[in-house]
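**Student:** Okay, handing you the structure first.
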Amino acid sequence: MADGIKCLVTGGAGFIGSNIVDALVVAGHSVTVADDLSTGNRAQVNAQAQFAQVDVLAAEFEHVFAEGGFEVVYHLAAQTDVMTSVEDPATDAQVNVIGGIRLLELCRKYGVRKVIFSSTSSVFGEPDYLPMDEGHPIRPLCPYAASKHAFEHYLHLYSEIHDLAYTVLRYANAYGPRQDPHHEGGVVAIFAYKILNGAVPIIYGDGEQTRDFVHVDDLVRANLICLERGDNSYYNLGTGIETTVNELVALLDELSGAKAEVEYAAGRRGEMRRLSLQSARAATELQWSPTVGLCAGVQSVLDYFKEN
Ligand SMILES: NC(=O)c1ccc[n+]([C@@H]2O[C@H](COP(=O)([O-])OP(=O)(O)OC[C@H]3O[C@@H](n4cnc5c(N)ncnc54)[C@H](O)[C@@H]3O)[C@@H](O)[C@H]2O)c1
């Protein structure tokens with residue numbers, strides 16, 4: 001195997017993390033995954049990666065660093081469930097903030113050069129304008145978004161006081177193969193899975209709410225670019241295109257050949273009406289722009305569920 005860069009991927013058994021791990025391995029890097037498998041799946045961890053089943057909050061997490069000699073750490077391990085964060089904000093902060101600080105202390109102790117952090121467009125809260133750029137005000141509307149944003153501040157201060165480089169990547173609505181259809185959040189995975197299995201997707205509200213769906217392959221590419229670029233900066237990663245939930249269902253119908261029944265239920269409190277992200281800074285500084293269109297992207301999800 002090529003020498004490559006020694007990377008640690010926390011949360012590397014999850015949806016986005018496991019896709020990043022595959023791409024790092026293909027690019028010839030040496031990869032270790034640390035994941036407690038709370039929502040991740042061991043079977044989707046690349047066979048060429050080292051695997052440690054460990055909670056980022058556990059004392060044993062340090063062993064992974066002591067043995068790894070990592071240059072770059074991808075940090076994806078997180079409490080990602082918005083409802084859980086509302087019901088139990090302390091646990092959310094424990095994983096997303098305290099777990100993150102523990103990780104930064106280990107990076108400092110073991111001489112890591114850079115941390116690449118998977119953050120979220122939900123840090124912005126309700127949009128003042130669309131598409132939202134990096135200068136948009138930050139007003140998190142749930143503990144999950146607040147804890148992700150809090151950790152962004154720690155990354156910045158570790159770069160200032162300890163010379164630990166970072167890149168923050170704020171994703172719009174990620175979708176693609178390996179997204180878990182049994183969790184909240186991943187509307188493409190949930191609807192695709194239901195439609196293929198003859199179940200009825202439930203649309204909360206009138207279905208005219210919009211999302212900015214960005215494919216995991218595009219997010220993975222941005223993450224690999226950040227091995228070389230984007231130090232000490234933060235980037236929005238989205239398509240800038242708004243798609244309504246009704247349009248998504250129509251596309252799933254068309255591509256799957258199903259004529260899905262849908263059920264409309266009362267809108268959910270706190271849910272955003274519209275979302276799209278402007279990624280001009282990533283285009284200029286990372287030479288990144290999204291390449292997977294919604295049609296091909298949704299097809300990749302349908303294909304994945306048919307095969308698995
Ligand atoms: N999916 C999206 O639309 C989206 C959007 C914006 C940001 N993100 C961020 O991307 C990252 C990955 O999200 P995902 O959608 O792949 O979720 P996921 O649940 O598939 O992945 C998270 C992984 O972290 C692991 N994990 C959780 N808590 C842990 C802990 N305490 N110690 C060790 N491992 C732990 C889980 O087992 C899982 O494998 C998260 O940080 C999330 O906040 C996701």
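Read the figures in this text as sums done on the coordinates, not as results from a lab. Note that the structure is predicted; figures quoted are calculated from it, not measured. A quick note on method: Cβ atoms are made from the backbone with ideal geometry, for glycine too, and the neighbour counts reach across all protein chains shown.
**Student:** Calculate, for Ala280 and Ile101, the FRET efficiency according to 1/(1 + (r/R0)^6) with r their C-beta to C-beta distance and R0 45 Å; round to the nearest 0.05. Walk me through the numbers before you get to the answer.
**Tutor:** On the way: r = 31 Å, r/R0 = 0.70.
It comes out at approximately 0.90.
**Student:** Could you pull out the GluC sites (Glu not before Pro) across region 45-91 that fall in loop regions by DSSP (anything but H, G, I, E, B) with no more than 13 other Cβ atoms inside 10 Å? Walk me through the intermediate numbers first.
**Tutor:** On the way: sites: Glu60, Glu62, Glu67, Glu71, Glu87; in loops: Glu60, Glu71.
Sparse-neighbourhood loop GluC sites (Glu not before Pro): Glu60.
**Student:** Moving to a separate point now. Let's see if you can work this out: charge +1 on each Lys and Arg Cβ, -1 on each Asp and Glu Cβ, no other charges. What is the dipole magnitude of region 41-185 about its Cα centre, in debye to the nearest 20?
**Tutor:** Values: 10 positive and 19 negative charges, 77 e Å.
Dipole about the Cα centre, nearest 20: 360 debye.
**Student:** If each of Leu37 and Glu126 carries a label point 7 Å out from its Cα toward its Cβ, how far apart are those two points in nm?
**Tutor:** 4.3
**Student:** Using Cα-Cα distances under 8 Å and only pairs 6 or more residues apart, what relative contact order does the chain have, in percent? Each step should come with its number before you reach the end.
**Tutor:** Values: 622 pairs, mean separation 51.7, N = 308.
Once normalised by length, the contact order is 17 percent.
**Student:** Using +1 at the C-beta of Lys and Arg and -1 at the C-beta of Asp and Glu, which of Thr167, Leu155, Leu141 has the Cα lying farthest in the positive direction of the dipole of region 129-172?
**Tutor:** Leu141
**Student:** Tell me, what is the percent relative contact order of region 68-201, built from C-alpha pairs under 8 Å that lie six or more residues apart? Let's see the in-between values first.
**Tutor:** On the way: 174 pairs, mean separation 35.1, N = 134.
Across region 68-201, relative contact order equals 26 percent.
**Student:** Treating only the Cβ atoms of Lys and Arg (+1) and Asp and Glu (-1) as charged, compute the dipole magnitude of the chain about its Cα centre; round to the nearest 20 debye.
**Tutor:** Numbers: 22 positive and 40 negative charges, 51 e Å.
Roughly 240 debye for the chain.
**Student:** Grab the beta carbon distance between Glu254 and Gln53, set R0 = 35 Å, and tell me the FRET efficiency rounded to 0.05.
**Tutor:** Working: r = 41 Å, r/R0 = 1.17.
The value I calculate is 0.30.
**Student:** Find how much the distance from Asp163 to Ala296 grows on full extension, using 0.36 nm per residue of separation minus their present alpha carbon separation; answer in nm with one decimal. Write out the running numbers ahead of the final one.
**Tutor:** Details: separation 133, 0.36 × 133 = 47.88 nm, distance 4.10 nm.
My answer for the length gained is 43.8 nm.
**Student:** Now for a different question. Between Arg269 and Ala23, what length comes free when the chain is fully extended (0.36 nm per residue of separation minus the Cα-Cα distance, one decimal in nm)? Walk me through the numbers before you get to the answer.
**Tutor:** Details: separation 246, 0.36 × 246 = 88.56 nm, distance 3.76 nm.
That pair, Arg269 and Ala23, stretches by 84.8 nm at full extension.
**Student:** When you count, for each residue, the other Cβ atoms within 10 Å and take the mean per peptide, how do 190-196, 209-215 rank with the highest first? Don't jump to the answer; show the numbers that get you there.
**Tutor:** Numbers: 190-196: 21.9, 209-215: 23.9.
Most protected by this proxy first, the peptides run 209-215, 190-196.
**Student:** Also, quick follow-up: What order, most packed first, do the peptides 40-52, 24-36 have when packing is the mean number of other Cβ atoms within 10 Å of each residue? Numbers along the way, then the final one.
**Tutor:** Working: 40-52: 16.1, 24-36: 21.2.
Final packing ranking: 24-36, 40-52.
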